[in-house]
């Protein structure tokens, strides 16, 4: 694994750990921030896979755009499109004032992140 890939993976894992901790917190707005970190985890794993495959990408939080870049090398990831579309909004929306996420939303995002993370780790040769 390339050093740059490992750096993206390390950051993705830090976001995942933060999201899980926040998910179990009772502090106000911690669920909103957990959703941000779930989104960031998936974003960074997508970028890790692209780096590993030498595929260039622009700075973006748009997970669907990143997924489209990855599909030529990971065509089975097409099934993740609805999940990445749902996660994309949490890159920005959950960090600003407005309605908080619901318990159902958080649970759904966590499940999606777990599935995406497992598939992306497998693709990178990580167990």
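Readers should treat all values here as calculations from the given coordinates under stated rules, not as data from a laboratory. Being a predicted model, the structure only gives us computed values, none of them experimental. Note that each Cβ is placed from the backbone with ideal geometry, even for glycine, and that neighbours are counted across all protein chains shown.
Does segment 103-127 hold any residues that are surrounded by fewer than 15 Cβ atoms within 10 Å (Cβ to Cβ) and outside any loop (DSSP other than H, G, I, E, B), and which are they?
103, 104, 107, 111, 114, 115, 118, 122
Which one is nearest to the chain's Cα centre (by Cα), of the residues in segment 50-100 that are touching a residue at least 24 places away in the same chain (Cβ under 8 Å), in a loop (DSSP other than H, G, I, E, B) and more than 28 Å from residue 29 (Cβ to Cβ)?
Among residues in segment 50-100 that are touching a residue at least 24 places away in the same chain (Cβ under 8 Å), in a loop (DSSP other than H, G, I, E, B) and more than 28 Å from residue 29 (Cβ to Cβ), the one nearest to the chain's Cα centre (by Cα) is 74.
Would you mind stating whether residue 20 is surrounded by 14 or more Cβ atoms within 10 Å (Cβ to Cβ) and either under 14 Å from residue 120 (Cα atoms) or under 14 Å from the mean Cα position of the chain (by Cα) (or both)?
yes
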